[in-house]
Amino acid sequence: MKSPPATEQTPPGKPLIPRFLKQGRTAPPRRGNLTYLTHLTPAVLALLLCLATLTGCAPKSAGPTQQPFDAAKALFERTTRTFHIPSAEARGAEKAKLQNEAADGYEQLLNKYPDQNYWAAQALRSLGNIRAAQGKLDEAVKSYAAVEKKYPEQRWEALMAWKSAADALWEAGRREDAKLFYRQIVTQYDTPEAPQVQKIIVQGSTMRLAGA
């Protein structure tokens, strides 16, 4: 009787390397226009990021600590889907009502689950987006700036909050105030190993600092 064909064995303790990596192939991210993210308005960018969040990029946890995590997640998603996203298309009194309800939802999350850093950081930045959409620029900037101060480990949220603050101030003609945030982005996020989207934001910030 013939022996079964030999199969490639992975030695104990050695990680299994996917075939495509052994073949030297990768799937590099698509390169977008350098200034694309720089010119997105905070409201549009917020909707894109909310949709990305809702598709399942949240960290996983288990055990008793999962309950507050899930509660914060449910509150954030409900607020985003029910009030924030629809407010972008609404008009007049309906728009104002949806914005107020979205702000209330984010503030409720911040008050009830301040230790759920992943969701609280998103809620705080989203609150800034609501205030910016309401024309309350100083309140928006205050929320954006607080993201990094309260949740420094949430680096993506801090980056996007700084960018939203900088862009809003720039469009309002407050260029020197905007440059403070653009400068922080370049100082803290200009790293060789940064993902492509982060590099685009850094390069766009550099252009704004140069007066572009």
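Some points to look at:
- Conditions (1) of a type in the set (V, I, T); (2) free of Cβ contacts under 8 Å to residues at least 24 places away in the same chain; (3) closer than 30 Å to Q66 by Cβ: number failed by V186: (3)
- In summary, A103 fulfils each of the numbered conditions (1) closer than 28 Å to T187 by Cα; (2) buried (at least 20 other Cβ atoms within 10 Å of the Cβ) with the single exception of condition (1).
- Taking the criterion of being of a type in the set (S, T, Y) and touching a residue at least 24 places away in the same chain (Cβ under 8 Å), the residues of the stretch 189-205 that qualify are Y189, S205.
- Only listed residue being modelled with pLDDT of 95 or more and over 17 Å from F181 (Cβ atoms), chosen from A103, A146, A140, A132: A103
- Restricting the stretch 168-180 to residues that are free of Cβ contacts under 8 Å to residues at least 24 places away in the same chain and not charged (D, E, K, R) leaves a set whose member that is nearest to V141 (Cα to Cα) is L180.
The values are calculated or read from the model by the stated rules, or taken from the named source; none is laboratory data. From a predicted model like this one, the values you see are computed outputs, not experimental measurements. Note that each Cβ is placed from the backbone with ideal geometry, even for glycine, and that neighbours are counted across all protein chains shown.
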